[in-house]
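Data first, discussion second: the structure below is written as structure tokens.
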Ligand SMILES: Nc1ncnc2c1ncn2[C@@H]1O[C@H](COP(=O)(O)OP(=O)(O)O)[C@@H](O)[C@H]1O
Ligand SMILES: [Mg+2]
């Protein structure tokens with residue numbers, strides 16, 4: 001049965017007559033369900049264990065009195081081989097859908113709020129967990145890394161067997177890149193405080209309300225790790241240039257704000273974690289060309 005038919009059947013099971021799409025990411029689509037609930041339908045396979053774990057991570061996050069909402073999963077359901085979740089409906093719209101229409105001063109205010117919000121994740125820690133992924137890829141067991149650098153060293157190159165030919169065609173000297181990167185990893189902390197790192201903190205996963213306050217942070221995923229909080233700060237800054245409507249001046253302004261708060265370590269974090277993300281995104285040429293171009297541009301700049 002086609003994905004569309006299965007989706008129709010899910011709407012019919014839930015009594016949704018006229019489905020309204022609230023948003024879409026790379027893994028799922030969210031539709032209105034009731035006044036205070038949404039249904040999130042996955043596009044591909046998902047591990048049940050990971051969803052149970054996701055549920056408990058959201059419940060745990062919600063105990064931290066964060067100034068924004070996080071998702072709440074009410075039910076995990078399946079129809080044929082399609083998994084769907086019933087979740088609390090969160091207030092706001094993704095920044096990615098509102099930013100382009102804002103005035104310059106509103107954009108500045110929103111960018112500051114966006115940076116301020118992610119800072120609240122500092123101190124949300126998992127001290128008894130090993131460094132590294134909170135979730136695991138289908139079929140794989142999570143690897144307990146003893147140090148943050150070990151996690152970076154061993155995880156960043158994981159996609160290279162599939163992607164190194166593409167990277168070479170893009171003019172990237174993969175051997176030299178890895179050598180430089182492995183040396184550069186020594187510049188980030190080896191055993192930072194074991195912070196919860198969202199790992200995918202960018203405009204698509206952050207909701208903003210009408211007053212330009214950050215109302216929710218979504219999408220804890222396999223990018224989420226136990227490690228250096230600066231990875232999220234670096235992400236907030238470096239994912240800005242995924243969007244052509246964010247100006248270079250706005251990127252410089254947010255980088256300066258981060259620099260004022262964290263000092264030069266933030267520049268190291270942007271550089272090193274930028275390579276980590278680029279290498280792990282190097283396989284998305286076909287399904288996410290914008291992210292692929294972002295990676296290639298970053299890797300080229302890194303090698304200059
Ligand atoms: N609980 C929710 N309430 C309102 N909108 C949501 C909710 N969950 C997801 N969305 C919308 O769906 C989009 C995709 O959801 P997300 O959790 O980021 O999935 P993906 O893993 O596919 O990126 C979001 O950008 C947002 O617009
Ligand atoms: Mg998302």
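The values are calculated or read from the model by the stated rules, or taken from the named source; none is laboratory data. Here the structure is a predicted model, which is why all the values come from computation and not from measurement. Please note: Cβ atoms are built from the backbone with ideal geometry, for glycine as well, and neighbour counts cover all protein chains shown.
Taken over region 247-304, the criterion of being touching a residue at least 60 places away in the same chain (Cβ under 8 Å), under 17 Å from the mean Cα position of the chain (by Cα) and surrounded by fewer than 17 Cβ atoms within 10 Å (Cβ to Cβ) is satisfied by 287, 288. Candidates in region 46-61 are the residues that are in contact with a strand residue (DSSP E or B) (Cβ under 8 Å, 6 or more places away or on another chain) and either free of Cβ contacts under 8 Å to residues at least 12 places away in the same chain or within 14 Å of ligand 1 (Cβ to nearest atom) (or both); of these, the one that is nearest to residue 195 (Cα to Cα) is 61.
So that you can scan it fast, the table gives a plain yes or no per residue for (1) modelled with pLDDT under 95; (2) under 21 Å from residue 289 (Cα atoms):
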residue: 179; (1), (2): no, no
residue: 218; (1), (2): no, no
residue: 222; (1), (2): yes, yes
residue: 229; (1), (2): no, no
residue: 237; (1), (2): no, yes
residue: 246; (1), (2): no, yes
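Each row is one residue, and each column tells you yes or no for (1) closer than 15 Å to residue 117 by Cα; (2) more than 16 Å from ligand 2 (Cβ to nearest atom); (3) surrounded by 19 or more Cβ atoms within 10 Å (Cβ to Cβ); (4) assigned by TED's automatic domain parsing to the domain that holds residue 58.
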residue	(1), (2), (3), (4)
161	no, yes, no, no
205	yes, no, yes, no
210	no, yes, no, no
228	no, yes, yes, no
232	yes, no, yes, no
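In region 84-102, the residues that are near ligand 1 (Cβ under 7 Å from one of its atoms) reach residues that are assigned to a helix (DSSP H, G or I) with C-beta atoms within less than 6 angstrom, at least six apart or across chains, in these pairs: 94/204.
The rows are residues; the columns are (1) within 23 Å of residue 190 (Cα to Cα); (2) out of contact with any strand residue (DSSP E or B) (no Cβ under 6 Å at 6 or more places or on another chain); (3) modelled with pLDDT of 95 or more; (4) buried (at least 17 other Cβ atoms within 10 Å of the Cβ).
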| position | (1), (2), (3), (4) |
| --- | --- |
| 103 | no, yes, yes, no |
| 106 | no, yes, yes, no |
| 113 | no, no, yes, yes |
| 126 | yes, no, yes, yes |
| 139 | no, yes, no, no |
| 144 | yes, yes, no, no |
| 156 | yes, yes, yes, yes |
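Can you spot a residue in region 172-183 that is within 23 Å of residue 284 (Cβ to Cβ), away from ligand 2 (no atom under 16 Å from the Cβ) and part of a loop (DSSP other than H, G, I, E, B)? Checking region 172-183: at least one residue is within 23 Å of residue 284 (Cβ to Cβ), away from ligand 2 (no atom under 16 Å from the Cβ) and part of a loop (DSSP other than H, G, I, E, B).
For the structure I just gave you, tell me whether residue 181 is closer than 20 Å to residue 157 by Cα and under 22 Å from the mean Cα position of the chain (by Cα). Yes; evaluated as a whole, the condition is true for this residue. Of all the criteria given as (1) surrounded by fewer than 17 Cβ atoms within 10 Å (Cβ to Cβ); (2) assigned to a strand (DSSP E or B); (3) free of Cβ contacts under 8 Å to residues at least 24 places away in the same chain, the one not satisfied by residue 29 is (1). Residue 114 fulfils the conditions (1) more than 14 Å from ligand 1 (Cβ to nearest atom); (2) more than 17 Å from the chain's Cα centre (by Cα); (3) in contact (Cβ under 8 Å) with a residue 60 or more places away in the chain except for a single criterion, (2). Within region 171-182, the set of residues being surrounded by fewer than 18 Cβ atoms within 10 Å (Cβ to Cβ) and in contact (Cβ under 8 Å) with a residue 60 or more places away in the chain comprises 171, 173, 176, 180.
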